[in-house]
Every structure is written in structure tokens, then in C-alpha cells.
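To keep things clear, I will list the structure first and then write my remarks on it.
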Amino acid sequence: MVAALIAAGAEIDASVSPCDWTAFTYALNGGCRPSLLELLRAGATIRRANVGLANAMRVPKNEDCFALLDKIDKAGGFASFAATQRAVPVAILRKIFALPHDVLPIVASFWMPRGGF
């Protein structure tokens, strides 16, 4: 659903409630990791103001999503996180196939989307 809305031109960082929540905040609060990753791939902004006591809170149902945000923060942003995630399938493909090094990330993108699953 998120991918279809993005493809149709939905505004990624639009506020959709009086609390200034975005689709990213709703996905985070609801524990929907696939939607978070789709939004991040499309360029969504992680608004720290929407993550805290007054807004999305860390609870068992969304722990996986908050763990993802922790990994993204530790990596220094989504671009760095995605590059780290892509390194694993690239390394595996490098051992299996004799392909040029610049082709391996392209092949890996068919196997695993940017940022993982």
C-alpha cells in the first residue's frame, strides 16, 4: 500500500494529524517495519520531535521499528545504513560469480532492496 501511494506521488513527509504526525510516525507507532523502510527508501525524514513521550512511544509492538531506528542512528543515517546492509549480499555474490565490482551492487538490489527487509 505504501509503495503504491509513493508511486502515485504521495507527499512523503506530509503531516496527517493535529499532532503533526507523518506516515513515518504512524508506521513507527504501529510497528510496521516494511512501511518504515519503504518510506525511508523514498526519502522520508525521521522527525525526532515525533518520537518521544508525547508522540510515538517505544512499546513491545513497535520495538523492532525502534531497533531499526537505533541502527540507522548508529550508522549515521539511512544512506550509510543501507550501504552497510547492501555489503552482505554483495560479498556473497562476489564469492559466487565473477562479475565486475561495479555490477555486484546492481545485482544485489534485485535480491535485497535498499536498506534490507
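Read the figures in this text as sums done on the coordinates, not as results from a lab. Small disclaimer: the values here were computed from a predicted structure and weren't measured. As a convention, Cβ positions derive from the backbone with ideal geometry for all residues, glycine included, and neighbour counts pool all protein chains shown.
Brief remarks on what is shown
- The chain - charge dipole about Cα centre, Lys and Arg +1 at Cβ, Asp and Glu -1, debye rounded to 20: 380
- With only Cα atoms counted, the chain has Rg and Dmax values of 16.0, 54 Å.
- Among the trypsin sites (Lys or Arg not before Pro) within the range 54-117, not one is in coil by DSSP while having at most 11 neighbouring Cβ atoms inside 10 Å.
- As a rough footprinting exposure proxy, the listed residues Phe81, Phe97 were ranked by other beta carbons within 10 Å of their own, and the order from fewest upward is Phe97, Phe81.
- Which of Ala3, Pro18, Phe66, positive extreme of dipole for the range 1-75 (C-beta unit charges): Phe66
- Proximal charge balance of Glu38 [Cβ under 14 Å; K/R count +1, D/E count -1]: +2
- Likely footprinting exposure, Val90, Val16, fewest C-beta neighbours within 10 Å first: Val16, Val90
- Within-13-Å neighbourhood charge of Arg94 [Cβ basis; K, R +1; D, E -1]: +1
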